[in-house]
1. What residue, among those in region A:486-501 that are of a type in the set (A, V, I, L, M) and assigned to a strand (DSSP E or B), is nearest to A:Val428 (Cα to Cα)?
2. If a residue has to be surrounded by fewer than 17 Cβ atoms within 10 Å (Cβ to Cβ) and either in contact (Cβ under 8 Å) with a residue 12 or more places away in the chain or within 20 Å of A:Lys547 (Cβ to Cβ) (or both) to count, how many in region A:386-400 make the cut?
3. Can you work out which of the residues in region A:525-539 that are under 10 Å from the mean Cα position of the chain (by Cα) and not aromatic (Phe, Trp, Tyr) is farthest from the other protein chains (Cβ to nearest Cβ)?
4. What is the one condition in (1) part of a helix (DSSP H, G or I); (2) open to solvent by less than 20 Å² (accessible area, probe 1.4 Å); (3) aliphatic (A, V, I, L, M) that A:Leu544 does not satisfy?
5. Checking A:Leu479 against (1) at pLDDT 90 or above; (2) at negative phi; (3) assigned to a loop (DSSP other than H, G, I, E, B), only one condition comes out false. Which one?
6. Quick test for you: out of A:Gly191, A:Gly178, A:Gly211, pick the one residue that is in contact (Cβ under 8 Å) with a residue 24 or more places away in the chain, within 30 Å of B:Leu566 (Cα to Cα) and surrounded by fewer than 17 Cβ atoms within 10 Å (Cβ to Cβ).
7. Pull up region A:560-588, narrow it to residues that are in a loop (DSSP other than H, G, I, E, B) and more than 7 Å from chain B (Cβ to nearest Cβ), then point me to the one that is farthest from B:Gln201 (Cα to Cα).
8. Which condition number in (1) part of a helix (DSSP H, G or I); (2) of a type outside the set (A, V, I, L, M); (3) in contact with a strand residue (DSSP E or B) (Cβ under 7 Å, 6 or more places away or on another chain) is the one that A:Arg127 fails?
Protein chains: 2
Amino acid sequence: MNLKRTHTCGELSSKHLNQSVILNGWVDDWRDLGGVLFIGLRDRYGVTQIVFEPESKGDLYQNAKKLRSEFVIAVKGLVRRRPSDAINPEMKTGDIEIVCSELELLNISKPLPFELKDYAEKSEELRLKYRYLDLRRGILQNNLIMRHKLAQLTREYFSDLNFVEIETPVLTKSTPEGARDFLVPSRMYPGKFYAMPQSPQTYKQILMISGFDRYFQIVKCYRDEDLRKDRQPEFTQVDIEMSFVDEEDVFQVMEKYMARLFENLLNIVINTPIPRMSYDQAMENYGSDKPDLRYDLKIQNLTEIFKDSAFNIFSKISQENGFIGALVLPEARDYSRKQIDLLNEYIKSLGGAGIATFIKNDQKFDGGISKFFNEDEKSRLLSQFKSSKQAMIFVIADSSIEKAQILLGYLRQKLAEDLDLIDKNVNVLSWTVDFPLLEFDPEEQRFIARHHPFTSPKLTDLDLLQNKPELARARAYDLIWNGNEIAGGSIRIHQREVQERMFQALNISSAEAREKFGFLLDALEYGAPPHGGIAFGFDRMAMLFAKADSIRDVIAFPKTSSALALMENAPTPVSEKQLRELGLKIKDHSK
Amino acid sequence: MNLKRTHTCGELSSKHLNQSVILNGWVDDWRDLGGVLFIGLRDRYGVTQIVFEPESKGDLYQNAKKLRSEFVIAVKGLVRRRPSDAINPEMKTGDIEIVCSELELLNISKPLPFELKDYAEKSEELRLKYRYLDLRRGILQNNLIMRHKLAQLTREYFSDLNFVEIETPVLTKSTPEGARDFLVPSRMYPGKFYAMPQSPQTYKQILMISGFDRYFQIVKCYRDEDLRKDRQPEFTQVDIEMSFVDEEDVFQVMEKYMARLFENLLNIVINTPIPRMSYDQAMENYGSDKPDLRYDLKIQNLTEIFKDSAFNIFSKISQENGFIGALVLPEARDYSRKQIDLLNEYIKSLGGAGIATFIKNDQKFDGGISKFFNEDEKSRLLSQFKSSKQAMIFVIADSSIEKAQILLGYLRQKLAEDLDLIDKNVNVLSWTVDFPLLEFDPEEQRFIARHHPFTSPKLTDLDLLQNKPELARARAYDLIWNGNEIAGGSIRIHQREVQERMFQALNISSAEAREKFGFLLDALEYGAPPHGGIAFGFDRMAMLFAKADSIRDVIAFPKTSSALALMENAPTPVSEKQLRELGLKIKDHSK
C-alpha cells in the first residue's frame, strides 16, 4: 500500500482544518448527490466523510464512482469544514469532511449477504456463520473492547496488590467430583487421555502450598455439559487464591476490585462493604441463593397460619414440615384468569404443583382459595398483610421447604419482570454466605460436597460432620450482582486431619481419595498454609458491564448452544491416519 | 488463624525498631544456640529471624522447640536491632530480628523428601513429581514472578497502543498445513472431533477482516509433536496482528516493545532500529537463519578456490555447485587430534560427511588436507586468511549448499562455546528477512509453504510463483536474540487473487483449498484490509529474561520431554462409561 494513514477515521475535527491527511478504511455508505460523491469511510475508531468532486484531477472521480460498500480504500485529501447545513453533531467527525485528491483501492468486496446494520435482526445462526461480518458492527466491537478493558483493569488491580498471574496446564487430569470433562487422547500413550480443566482449583491450592502467597489468572476452563442458554463449552474465569487469610480478607480485596471496575467501566461509585446475607435468609426471603435485590418483594411465610386449613393440601404440607409461602403484589391486583393461568403453567413447567391465589380487598379476602379461610386465619392474614391495602396474593406450597422456596423465587423474578418492578439503572451487589457444606445425593445415597470436597467447614461445625452432616455450614461465599452469581469461592481445608473427616462425611474411602486427589493430599502434609480464594465468571461479568443480552455477544467466536462452531465448521470427522496414531476406533453404531 | 500478619517476611528493617509485628510463614531453618532458639521465617518476600528466649512466658519456648523445617507458623513480637556481630548484610532484613512473644502453629510438615536447597541437584523427575516443594525455591519463584512481569509489561505496552486483547477458541478446527493437532472428541457428535489450535493464525486474520485494526493475545497453543528438549505440548505465545501495515510498521512497534522489555526487566538500553540481515546473508555468513551475533566468526567461502583441487571430494563438490566453507580459529591453534575427532563425530551425528582441517602457520599450511594444496590454491588461501597469522582451519563441504552451510553453522556455535568466544553479558538482536517463500518437499513431491500458505510473497516476486517458485521471497521476518528465534511473522496475503496464485504454486486444488481454509477464503472476498503480524515465543522469552537454563524452569507445571505430567499423573486411562459417551473404542493392540 502506498497511502499509509496519518490519522484514524475517528479523530479528525475542526482542529485539523486545511491539513493534508491520509485515512484507511472501509466504504460504509456512499451517496451521489448531484454529481458530488460522498463516502463515509469507516474504521474501528469512527466514520469520516470523504468528498469526491467531479472536477478532480485525472480518473479520481471516475474511480471513486466504482467504489461499493465494504471496499477497502486509502484516501488522501485536505480537511475542510462542512457547510453549516451539513454539520452532523451525532458524529465525532461531524464538523469536517475530506476533499479527496488521491485514492488507492486496497481491496474489493463482494456484495454482503446482508447489510451490516440488519445483522442483528437476522438469525443468530447466520451471524455466527459470517462472524467476520457480524464483528464489523460497532456494538460487538465495543463489547469486545469493553471485555479487553475489564481484563486489563483486573490484571492491573491484582498485580498492584502483589498477586502473581501464573498459567496452569490445559492438558491435565480429570477434575474430581465435577461435571463432565473434555478429554484429549494421548498419541504417545495410546489408550490414555488428558482431561481439560473445569477449573484450576487443585493447581491454585498447590501454588499456595508452594508459597506463592497471592495468585490470580484469567483462564479458559472447559466443561462438557449439555448446554443451556448462556453456557459455553469453553468459558473464561478470573481465578484467585490467597494465603494466610480468612473470609474478611477475601471480601476486602474483592470489594475493592468491584469498586474499581464499577468506577472505571461504568463511572458508578458502589458502597462498600457489600452487604452479606446468609444462605438461609436468602432462601427464606427471596427463594434464591442469588437474589435480585433491585426490588424488595419478600416471600411471606404462611406455613404456620395454614396448619389447620380447611384446604387440605395446605394443612397436610404445614403439618408435615413443608413450606407455604406467599408473594403479595398490589400491582397485580387486576390480573386476569388467563394471566394467572400462564403463571401457573410456568410454575408447573419448573416441577411445581401450581399456584394458589386470592385477593386482598381492604379488610376482606376474595376469590381463589379464600373460601377455605376461617375467621382465625383471616385475622392472622390481615395482620400479616396489613401493609398492603389491596393486592393479589400468590401462594406456593410444597412438602420440601427448599423446593417451595425455589419456586417462589422463580415466581418472584417472573412477576417482577412482568410488572416492571426492576429499576434497570440500579446495581445491587451482595454476598451470600453460610452455605450448607453438603447436600444429600439420592442417586448415590450419600452426601456430596455442595462446592467441592476441599471447601472448609465452619470450624464451629466440625463436630456436626459426623453426627448431623446436613447441618454443617461451609466457609463458602458467592458474590451476587442484580440476581447474577458473578463469583464464588471459599476458605479451603489446609489440614490433612480435617480433610480426612470431610472424606468420611462424604463416604469416600482412603484408597478412593488417594486415587482421585493423591498429589493434593500429599501436598497438604508438607506445610500447607491457611488459604482461600474465589473465581469470577468473566464472560458473565463482561456481559453485564457491556449491558449485552447474551454472553455470546461478548465472546469473539462463540459456539452455538449445541456446541457447534458455525464459521470454522467444528467439530469434524478426522482421518483414519489420525485415529490410528491415537489408537482409537469410532464405534460402529449399527452394531 | 488468630495471628494475621501485619508485615511480610521481607520488609522489616531498622525503620521498624520496637514495633509490635505479626509475621506468617514457613520455618526455613532453626538453630538452638546456647538455649536461645533462632528461627528463619520464610515467605515469598524474604526471610526474617525470629528469636525465642528461654525466659519467655508460659509454654512459648517449649512449643518453639517442637518446630521443624517447613512448619507453618504465625509469630507476634517486637522488632529489635541485632547485636552488631549478628548483622547479616546479605539479607534484606539482616539488621533486625523479632523477639517472639506469641506463637501460633498453623500447620505441621512431614520431613521433606529432600532439603529444598538440594532440589536442583536431584533428578528433574523428582523435582516435577514434588513440584509443590520445588516451587518453594526462591529461584523458581523469581522466574515465575519475572514471567508475570513480562506478561504485564506486554499487555500494558500493546494496550497503550490501542491493541485489543481478544480471546480465540481452544475447541476449534484443524490448523491447515501445520504439525500434528491434539484432538478433542465430541460427545454431542460422536465420531467427530475438535482440534486444539497450534496458533490463532486464522482467527487473527479474521479479526483484521472484521476491522479490529490491532489485536494481540497472550495465548496457549498446542502441538502434538515428538518432543525435543525445550519443547512442550502446550506452549504460550504473544500473538499480534495489525491492519494497514507493511514490514516497517511491524518492525517499529516490535522494536519499541523489545526496548521496553529490556529496559524494564534487565535495565539495559538496546539500540534501535534493530539491524536486519537477509536470509541469504545469514546462511552464507553464519550457517543459520538465527545467527548468534555475540561473536563475529564468519564462514569463509572456499568453493571457488577448490574448483580443481587434487582433493577429489572438494573438486567434485565445487564443480557440481556445492559449497565448501571454512571457519578460521586462531584460538583452536593447538587442538589435539582427539579434540578434532570429537568435532568430527559431532558433525557426522548431524548427518554431515565430516570435517577437514589444516593449520595456518604464518605463510605456510600444515597438516590435515594441506598436502593436497597446489601453489595457486596456497596463494589464494593466504590471501583469503591474511588477517590470521596462525590458526586452525575447519572445512566442511557438501553438494547441497544449504546443508553445508547449516553444518558450518552448528560447528560455529559449538566452537564458540568450547573456546568461550561468547560474551554472556552482551545481548544482540537482529531481524532475519527475505526468507524463501517455498521449499520443496521431496516426500510430497511439491512445494510447501515455509511459513504458512497465507504468507505474502514479495510483490516483486509474484511472477516467479509460476516459473521459478524456488526463487520467490516471502514478506516474512524472524526476530533473533543471541541465536534464539524469539518471534516470527509476516505480511499476509489479503487479496483472493494472490491467494489463488499461491495455492497454484503449492499445487493445492480449489476444492482442497475450500475444504481446508474455507471460511478464511470467504472472508478474503468481503473487504480484507492489508495486514500482517508476528508471534513471540513467550516461554522462551521468559527463559531468556530470567536467565534460566530451560523453559521448564519458567513454567509452573511443565510436562516432561515425553509429555507426562508427573505430579498430577496424566495422561491416564478413562472409564468405559466415558468412552461410550464419546462413541470411541480403544484399539486392541493384540489384534
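The values are calculated or read from the model by the stated rules, or taken from the named source; none is laboratory data. Here the structure is a predicted model, which is why all the values come from computation and not from measurement. Positions of Cβ are backbone-derived with ideal geometry, glycine not excepted, and every protein chain shown enters the neighbour counts. We work out accessible area using only protein heavy atoms, side chains counted, and drop any ligands, DNA or RNA first. Shrake-Rupley method; radii C 1.70, N 1.55, O 1.52, S 1.80 Å.
1. Ranking the candidates gives A:Ile486 first.
2. Taking region A:386-400 first, the residues surrounded by fewer than 17 Cβ atoms within 10 Å (Cβ to Cβ) are A:386-390, A:399-400.
Now drop any that are not either in contact (Cβ under 8 Å) with a residue 12 or more places away in the chain or within 20 Å of A:Lys547 (Cβ to Cβ) (or both), which leaves A:388-390, A:399-400.
Count: 5.
3. Of all residues in region A:525-539, those under 10 Å from the mean Cα position of the chain (by Cα) come to A:536-539.
Of the ones still in play, those that are also not aromatic (Phe, Trp, Tyr) are A:537, A:539.
Numbers: A:Gly537: 14, A:Asp539: 10 Å.
Among residues in region A:525-539 that are under 10 Å from the mean Cα position of the chain (by Cα) and not aromatic (Phe, Trp, Tyr), the one farthest from the other protein chains (Cβ to nearest Cβ) is A:Gly537.
4. Exception for A:Leu544: condition (2).
5. Here A:Leu479 meets the rest and fails (3).
6. Working: A:Gly191 fails: surrounded by fewer than 17 Cβ atoms within 10 Å (Cβ to Cβ); A:Gly211 fails: surrounded by fewer than 17 Cβ atoms within 10 Å (Cβ to Cβ).
Only one candidate qualifies: A:Gly178.
7. Just the residues of region A:560-588 that are in a loop (DSSP other than H, G, I, E, B), to begin with: A:560-564, A:566-569, A:571, A:573-575, A:583, A:587-588.
Okay, now just the ones that are also more than 7 Å from chain B (Cβ to nearest Cβ), so A:560-561, A:564, A:566, A:575, A:588.
Values: A:Thr560: 22, A:Ser561: 25, A:Leu564: 20, A:Leu566: 18, A:Ser575: 22, A:Asp588: 35 Å.
The residue in question is A:Asp588.
8. (3) is the only condition that A:Arg127 fails.
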